[in-house]
Structures are given as structure tokens and as C-alpha cells.
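Peer 1: Take this structure first; my questions come after.
The values are calculated or read from the model by the stated rules, or taken from the named source; none is laboratory data. Nothing here was measured: the structure is a model prediction, and the numbers come from that model. Virtual Cβ from ideal backbone geometry, glycine too; neighbours counted across all protein chains shown.
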Protein chains: 4
Amino acid sequence: MADGGPRRQVRGIRRIELILDTAEALFAEVGYDATTTNAIAAAAAISPGSLYQFFPNKLAIAEALTARYVAGLDDVYGRILAASPGGAQVPALIDQLVEALVTFNAASPGARALMAGAEVSPDLVTVVAPLHAAMCDRAEDIVGATAPTLTAGQRKRTADVCIHVVRALMPAIVAAPPAERADAATELKRVLVGYLSTPR
Amino acid sequence: MADGGPRRQVRGIRRIELILDTAEALFAEVGYDATTTNAIAAAAAISPGSLYQFFPNKLAIAEALTARYVAGLDDVYGRILAASPGGAQVPALIDQLVEALVTFNAASPGARALMAGAEVSPDLVTVVAPLHAAMCDRAEDIVGATAPTLTAGQRKRTADVCIHVVRALMPAIVAAPPAERADAATELKRVLVGYLSTPR
Amino acid sequence: MADGGPRRQVRGIRRIELILDTAEALFAEVGYDATTTNAIAAAAAISPGSLYQFFPNKLAIAEALTARYVAGLDDVYGRILAASPGGAQVPALIDQLVEALVTFNAASPGARALMAGAEVSPDLVTVVAPLHAAMCDRAEDIVGATAPTLTAGQRKRTADVCIHVVRALMPAIVAAPPAERADAATELKRVLVGYLSTPR
Amino acid sequence: MADGGPRRQVRGIRRIELILDTAEALFAEVGYDATTTNAIAAAAAISPGSLYQFFPNKLAIAEALTARYVAGLDDVYGRILAASPGGAQVPALIDQLVEALVTFNAASPGARALMAGAEVSPDLVTVVAPLHAAMCDRAEDIVGATAPTLTAGQRKRTADVCIHVVRALMPAIVAAPPAERADAATELKRVLVGYLSTPR
DNA sequence: GATGAATGAGTCTTCATTCAT
DNA sequence: GATGAATGAAGACTCATTCAT
């Protein structure tokens with residue numbers, strides 16, 4: 001009796017993706033806390049027991065989702081960088097950063113839900129930390145490029161401030177009607193450019 | 001006639017304050033959602049029923065707390081303004097604003113918990129709206145002072161951005177060890193000054 | 001120090017009446033079960049503690065109210081009988097009975113509420129038994145007048161049947177708009193006359 | 001593929017029946033309001049959560065029970081009619097009706113509890129309406145057979161009166177010791193026959 | 001692996017009754 | 001007697017997780 005090993009795995013992977021997609025949609029819609037594991041299972045048209053075959057608990061779903069977001073973010077960063085000229089002027093760099101993050105956030109509504117949830121469920125903060133870190137990574141490069149004299153610590157901190165600002169203003173940006181989205185994003189850029197241009 | 005009228009009321013008021021203090025502490029510690037009404041009662045050393053003699057439901061506690069925060073915020077604003085010289089330079093004004101808000105947030109750990117909770121519990125958004133509005137009020141004055149040519153709409157929006165930024169960076173500030181708090185606050189000021197100084 | 005004994009008592013009696021009036025209104029409006037003792041106290045503008053000074057518990061209020069209803073019913077019976085000619089024909093007697101009971105029920109909405117509650121709260125059945133008995137009393141006389149050959153047991157049983165029928169159809173009668181009330185009452189009379197006219 | 005599909009369903013159906021049987025017993029014993037969902041679960045030897053897997057709330061149990069009663073009533077009606085000769089004389093028809101309803105009520109102690117509960121819990125009235133309607137249906141046929149000249153409205157009203165009378169006298173009938181039950185039923189029949197025989 | 005019924009501790013809230021003032 | 005805050009045992013319902021099939 002052939003056990004169809006690889007086929008099995010393929011199906012398992014598909015199921016994992018299905019669960020994550022479904023969870024993402026629900027997290028985005030009603031938030032992490034308000035999303036029940038049974039609701040995820042039901043929306044994915046699988047049984048609760050099956051869900052727990054792939055994820056040991058609810059938090060693990062958030063974890064896996066976060067991993068996916070981190071990968072997606074790297075992707076977006078990569079594409080944006082590849083597409084943009086190499087100039088190292090503050091405004092241009094900020095443009096890239098914000099564009100990338102807006103694109104990412106618009107495409108990943110669950111990411112914001114998770115990060116908002118972390119503000120409220122202590123469990124989640126560990127989970128979303130890697131995502132925040134990933135957001136900071138690129139920002140650190142930019143900070144380094146625009147202020148080469150900073151120590152590593154200062155650079156890290158400055159990047160962290162930038163990302164916090166980005167996260168704070170992002171909801172308004174992605175929630176804005178398309179016509180106004182650019183304006184909202186411009187406001188965010190203004191904050192960042194102002195910040196990074198201010199001499200220490 | 002031993003009705004002890006005023007004494008009764010005094011005790012009632014004390015109990016309300018006790019409940020609010022306790023709730024505030026728990027909200028700050030584990031968040032609004034994770035705080036159970038029974039836990040509040042237990043922590044306040046009263047019975048669950050007693051709690052409901054003063055507040056019709058859990059949300060009402062958040063409401064009362066918010067009212068207290070709004071009052072406290074007005075107080076802080078008032079004191080800061082009274083104590084500071086009248087100059088209308090951006091950095092000085094920002095100093096006042098940030099100082100006031102840091103003082104307020106440090107003294108009101110529940111305020112952030114409630115605002116974060118609003119990101120997650122639809123019920124809370126109506127409740128905390130007045131607090132956000134109160135924070136914006138003063139910021140709007142400052143924005144008006146530093147950029148007199150803005151329309152009312154622009155002023156409002158700019159103030160809103162400022163407050164979002166403040167809220168985003170505040171946790172790190174109040175969580176910082178006292179020695180580093182000033183540094184962290186300075187970073188926030190830098191963001192705001194940069195933003196408000198950037199020509200449109 | 002004169003203790004004003006009788007005055008005290010008068011006030012006490014007034015308070016009891018006040019409580020009963022208030023309870024009656026609430027029972028009629030939302031039913032016995034749904035009426036809380038605190039609601040009675042509040043509606044009577046007294047304190048819960050005061051209420052319990054006059055009634056040891058909620059059931060005792062229903063008991064006192066029932067006693068009042070029994071007295072009221074005797075009154076109504078008495079007045080109706082006094083006002084009607086002495087003929088002993090079935091229809092005329094039934095007319096009297098029904099008229100009396102409709103008058104009583106319309107004037108005592110709490111009585112029906114209590115009897116309905118007895119169908120549901122075992123505690124209440126003992127309480128309302130005297131009222132049911134009082135209703136039966138007069139019916140027994142009528143049954144005796146129309147069928148003199150019945151044994152005491154048969155008479156009692158027949159009267160009980162009549163009263164059950166009356167109670168069953170009464171809500172529809174008193175709830176009917178005034179214009180249709182007579183029609184509804186006629187239907188009840190028809191049932192009773194038919195029943196009492198049927199030879200055994 | 002060991003999904004045991006049909007077996008699952010069978011067990012589910014059994015459990016639903018178990019819950020309904022248990023609820024029926026408790027409703028009959030202490031009434032709808034006084035029956036707690038936890039008590040139903042405990043009496044059925046299942047967990048509270050399990051109960052809620054089959055019924056979204058307490059009222060839904062009453063609904064399902066009512067549906068069962070309506071079905072049972074149709075059954076009883078059907079059997080009684082099939083077994084009885086076709087004569088259309090009032091007494092014979094009433095015999096059938098009463099026999100059917102006594103049988104039904106004796107077998108369905110919860111039905112009366114639910115109908116009595118409706119007198120007191122607004123939620124229940126919608127729920128039990130179909131049962132009352134089902135009881136009236138057959139009565140309407142009988143009324144139509146015995147008094148063909150009635151308008152539809154009059155027929156409906158007369159049937160309604162009959163059913164109210166039946167409901168009022170039924171508790172005494174089913175509570176009577178077997179030896180006396182027939183007598184008690186006879187009394188009910190006498191009321192109905194008398195009513196329907198009285199010329200308008 | 002898949003299923004989905006089962007679990008039970010825990011959530012918010014209520015209310016008859018008590019008791020210090 | 002009067003007050004009204006205080007009580008605490010329930011009540012209806014939820015949900016992350018488990019387990020027999």
C-alpha cells in the first residue's frame with residue numbers, strides 16, 4: 001500500500017495555507033481575539049480537530065501568519081528596491097520605504113490586526129515581534145544611508161521610531177478611499193522626512 | 001433620623017473611585033478585554049454585585065475612566081500652560097505638549113490600555129473617542145499657532161497626525177527607566193518638531 | 001418622649017398600602033417573576049430595606065395582595081347581588097357572576113398576573129389558592145341555586161369548573177377594546193349557561 | 001476513511017432527543033423559567049457546552065419541543081379520527097377531540113408547562129403559538145361540522161374558546177388518578193357540548 | 001489524517017435579601 | 001423605623017481544546 005508520502009505532504013501544505021488564508025481574513029475582519037478557532041475551521045470548511053492537527057493552538061496560527069508576513073515584506077522590500085534608482089537622498093528613500101509599507105499593509109490586512117492585537121493580548125507581542133523587526137530592518141538601512149555618523153544603537157532606535165510612526169499612521173492610509181490615499185501617505189512621508197532631516 | 005445622608009454619598013464616591021482605580025490598574029496590566037468584572041471586584045475587595053451597583057456594565061467602567069482621563073488631561077494641560085512662558089515658537093510649544101502628555105500618560109496607565117483596546121473592541125471606540133479628541137484639542141491650538149495659514153480642516157488633520165505619533169511613541173517613553181525617559185521624550189519631540197517645521 | 005404610637009401605625013399602614021399598590025402595578029405590567037423587589041421599592045420611592053420591614057420576603061407581598069383581592073372580590077360580589085333582583089334563573093345568575101368577575105378582573109390586573117404566575121412558580125399556587133377559592137364561593141351558590149339536587153361535592157366541582165372556564169376566557173375579555181368587551185363576555189356566558197343547562 | 005458519517009448523525013439525533021426529553025421533564029416539573037440550562041445539561045448527563053452545540057439558546061429548546069408537540073398532536077388527531085366512525089354529531093365529535101387532547105396532554109407534560117410559561121415570559125408566546133394553533137385546527141373542523149352556518153371568523157373564535165376551555169380544565173384531568181380521569185374528562189366534554197349546542 | 005461532538009471552566013450580569021449607619 | 005450599599009450564589013452562554021470514531 002503506497003502511502004503517497006509526498007502527495008500527503010502536498011495536501012497538508014495546502015491545508016495549512018488554507019487555514020492561514022482563512023484566519024487572515026477573519027483576523028482582518030474582526031480581530032485576533034474575536035476570531036474563534038472554530039470560526040476559522042468553519043470558514044475553511046474543515047473540522048476543528050483538523051485545524052489542531054496543523055497548529056497546536058490559536059497562537060501558533062498567528063505565528064505562522066506572521067512568518068508569512070515577514071516573508072511577504074521582504075519580497076515587497078526587494079521589489080521596491082530593485083525598481084528604484086540608487087540615489088541616497090532622504091526623500092527618495094522615504095518614498096521607497098513608505099511605498100513598500102503601504103503596499104504591504106494594504107495587501108496584508110491581517111498583519112495590522114495582529115499588531116493591533118499585540119497591543120492588547122500579551123501573548124501576541126512575542127509573536128508579532130519578528131514582523132516589527134522586519135519592518136525595522138529596511139528602515140535601519142535607510143537611516144544608515146541618510147545619517148552615516150549614527151552609532152548602531154542610535155540607528156536602531158531611529159528606525160524603531162520611524163516604524164512606530166508608520167504603524168500609527170498606516171490604518172488611516174489604507175482605510176482612506178483610493179483618491180485620498182496618496183495624500184494620507186504624503187503626510188506620513190512628511191513626518192518621516194521631517195524627523196530624519198532634523199539635526200540631532 | 002440617622003440617615004447619614006452625606007456620609008453615604010461620600011462612601012459611595014469613594015467606592016466608585018476605588019473601583020475605577022482598581023479597574024485602571026488591571027486594564028493597564030492585562031488590557032480591557034482580559035480584565036474580567038469579577039477580577040475588578042476581587043481586586044477591589046468588593047463583591048461582583050457591588051460593582052454593578054455603581055456601573056451598569058463593564059463598558060460603563062471604561063466610560064467613567066475615560067471621563068476621568070479627559071478631566072485629568074485638561075488639568076495637566078492647564079497646569080503646563082500656566083507654568084510656561086507665552087512664546088509661540090514651535091519647539092517651545094511642542095515641549096509643553098509633550099511634557100504634558102508624558103506626565104498624563106505616566107500617571108494614567110489605563111488610558112493607553114483603553115485606547116489600544118479600542119483598536120480591537122468595537123464597543124470601546126465610542127468610549128475612548130472623547131479622550132482622543134481631548135488630546136487633539138491642545139495639539140490643534142499649537143498647530144494653529146505655528147502655522148496660522150492652515151485651513152481648519154488641515155489644522156485638525158495635522159493635529160490628529162501629531163496625536164497619533166504621540167500615542168505611538170508614548171509606551172516606550174513611559175516604560176523607559178527614569179534615566180532614559182527624557183531621551184525618549186526628546187525623540188518624540190524631534191519627530192513633532194520636524195513634522196511641524198516641514199513646509200507644506 | 002412621646003412615641004406617637006398610633007401615628008406610627010398609621011404611617012406603617014399607609015406604607016404597606018403604598019407597597020401593595022406599587023407591586024400590583026408592576027405585577028400587572030410585567031408579571032410576578034419579572035418584578036424585582038428592588039423595582040417595587042424604587043417605584044414606591046422607598047428603600048429596599050424599608051420594604052423588608054413590612055414584608056419578610058417577596059412572596060409575602062403576593063400574599064397580602066391576594067388578601068386584598070379576596071376582600072375586593074367579596075365587595076364586588078356583594079354589590080352585584082344587592083343590585084340585582086332575586087330571580088334564580090340560570091342566565092340571570094350567570095349574568096351576575098360574569099359581570100362581577102369581569103368588573104373585578106378589569107379593576108385588579110394584578111390578580112390575573114398572580115394567578116398566571118401560579119401556573120409557573122410553585123410557590124405562588126399556595127398563595128393564590130384563597131383567591132381561587134373566593135371566586136368559587138359565589139359560583140357554588142349559583143350552582144346550588146340552579147341545580148339543587150347536586151351533592152356538596154358535585155356542587156363544589158361544578159363551581160370549580162366554572163371558575164376555571166372564567167379564568168381561561170377572562171384575559172381576552174379584559175384585553176378586548178371596550179366596544180367588543182360585551183361580545184367577549186357574552187361568549188363566556190354562553191359557555192357557562194350551556195354547561196349548567198346540560199342535564200347530567 | 002473512518003468518518004462514520006451516518007453513525008455520527010444518529011448519535012447527534014439521539015442527543016437532541018435526550019436533551020428534549022430531559023428538558024420536557026424539567027419544564028413539566030418546575031416550569032420553563034425555573035429550569036436552568038445547566039440543570040437540563042446535568043440531568044441529561046452532558047456538559048452545558050454540549051447542550052449549546054445543538055441549541056443556540058434556551059428558547060430554541062422550547063421551540064424544538066413545541067415542534068415535537070405539534071407533530072405529536074397531528075399524530076394523535078390522525079389516529080383518533082382514523083379509529084372513529086364518521087358520524088358528525090356534536091357529542092361524538094367532542095368525544096374524539098377531548099380524547100385526543102387528553103391523550104396528547106398526558107403524554108406531553110411539557111406542553112402545558114410551555115403554554116403556561118407563555119403567560120409569563122413574552123419570549124415564549126411566539127414559540128408556543130404554533131401549538132395553540134394546531135390545537136385549534138381540529139377544533140375548527142368540528143365547529144364547522146356542527147354549525148355549518150358560522151362565518152369563518154366566528155368559527156375561528158368558537159374554536160379558540162373551546163381550546164381555551166380545554167386548556168383550562170386539562171391539568172385537573174391529567175393530574176387526576178386514573179380511576180377519576182374519565183369523570184374529569186366527561187366534565188370537560190359537558191362544557192364543550194353545552195357550549196356548542198347553545199343556539200346563538 | 002480527518003471528523004465534529006464533547007468538554008467545563010470561565011464570562012458578564014442579576015436579584016432576593018441583609019446590615020451597618 | 002429608614003436607608004441604600006453590599007452581598008454572593010446563580011443564570012445563560014462561550015470557546016480553546018480534546019478524543020472517540
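Peer 1: Name, by its number, the condition in (1) within 23 Å of A:PRO171 (Cα to Cα); (2) within 14 Å of DNA strand F (Cβ to nearest atom) that does not hold for A:PHE54.
Peer 2: Against the list (1) within 23 Å of A:PRO171 (Cα to Cα); (2) within 14 Å of DNA strand F (Cβ to nearest atom), A:PHE54 comes up short only on (1).
Peer 1: What are the residues in the stretch B:43-60 that are within 14 Å of B:ASP21 (Cβ to Cβ) and surrounded by 15 or more Cβ atoms within 10 Å (Cβ to Cβ), if any?
Peer 2: B:ALA43, B:ALA44, B:ILE46, B:LEU51, B:PHE54, B:PHE55
Results for (1) of a type in the set (A, V, I, L, M, F, W, C); (2) within 14 Å of another protein chain (Cβ to nearest Cβ); (3) without any contact (Cβ under 8 Å) to a residue 12 or more places away in the chain, shown as yes or no for each residue.
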| residue | (1), (2), (3) |
| --- | --- |
| D:ALA64 | yes, no, no |
| D:ARG68 | no, no, no |
| D:ASP75 | no, no, yes |
| D:SER108 | no, no, no |
| D:ALA116 | yes, yes, no |
| D:ASP123 | no, yes, no |
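Peer 1: Then there is this: Within the group D:ALA179, D:ALA134, which residue is in contact with a Phe, Trp or Tyr (Cβ under 9 Å, 6 or more places away or on another chain) and more than 10 Å from chain C (Cβ to nearest Cβ)? So that I can check it myself, show each step before the final result.
Peer 2: Details: D:ALA179 fails: in contact with a Phe, Trp or Tyr (Cβ under 9 Å, 6 or more places away or on another chain).
After applying the criteria, what remains is D:ALA134.
Peer 1: Could you pull out every one of the helices (runs of 4 or more DSSP H) wholly within the stretch A:112-200 that has 2 or more residues that are surrounded by fewer than 18 Cβ atoms within 10 Å (Cβ to Cβ) and β-branched (Val, Ile, Thr)?
Peer 2: Values: elements: A:122-146, A:152-175, A:178-197.
Of the helices (runs of 4 or more DSSP H) lying wholly inside the stretch A:112-200, those with at least 2 residues that are surrounded by fewer than 18 Cβ atoms within 10 Å (Cβ to Cβ) and β-branched (Val, Ile, Thr) span A:122-146.
Peer 1: Grab the helices (runs of 4 or more DSSP H) fully contained in the stretch A:1-89, keeping just those with 2 or more residues being more than 12 Å from DNA strand E (Cβ to nearest atom) and modelled with pLDDT of 95 or more.
Peer 2: Answer list for the stretch A:1-89: A:5-30, A:37-43, A:58-83.
Peer 1: In addition: Report every pair of residues separated by at least 6 positions or lying on different chains whose Cβ atoms are under 7 Å apart, first residue within the stretch B:183-198 and more than 7 Å from chain A (Cβ to nearest Cβ), second among the charged types (D, E, K, R).
Peer 2: Listed pairs, sorted by first residue: B:LYS189/B:ASP95.
Peer 1: Can you confirm whether the stretch B:15-31 contains a residue that is hydroxyl-bearing (Ser, Thr, Tyr), within 14 Å of chain A (Cβ to nearest Cβ) and more than 7 Å from DNA strand F (Cβ to nearest atom)?
Peer 2: Within the stretch B:15-31 (the criterion being hydroxyl-bearing (Ser, Thr, Tyr), within 14 Å of chain A (Cβ to nearest Cβ) and more than 7 Å from DNA strand F (Cβ to nearest atom)), the answer is no, since none of the residues qualifies.
Peer 1: If I go through the stretch A:15-47 residue by residue, how many of them are of a type in the set (Ser, Thr, Tyr) and either in contact (Cβ under 8 Å) with a residue 40 or more places away in the chain or touching a Lys or Arg at 6+ places or on another chain (Cβ under 6 Å) (or both)?
Peer 2: Of the residues in the stretch A:15-47, 2 are of a type in the set (Ser, Thr, Tyr) and either in contact (Cβ under 8 Å) with a residue 40 or more places away in the chain or touching a Lys or Arg at 6+ places or on another chain (Cβ under 6 Å) (or both).
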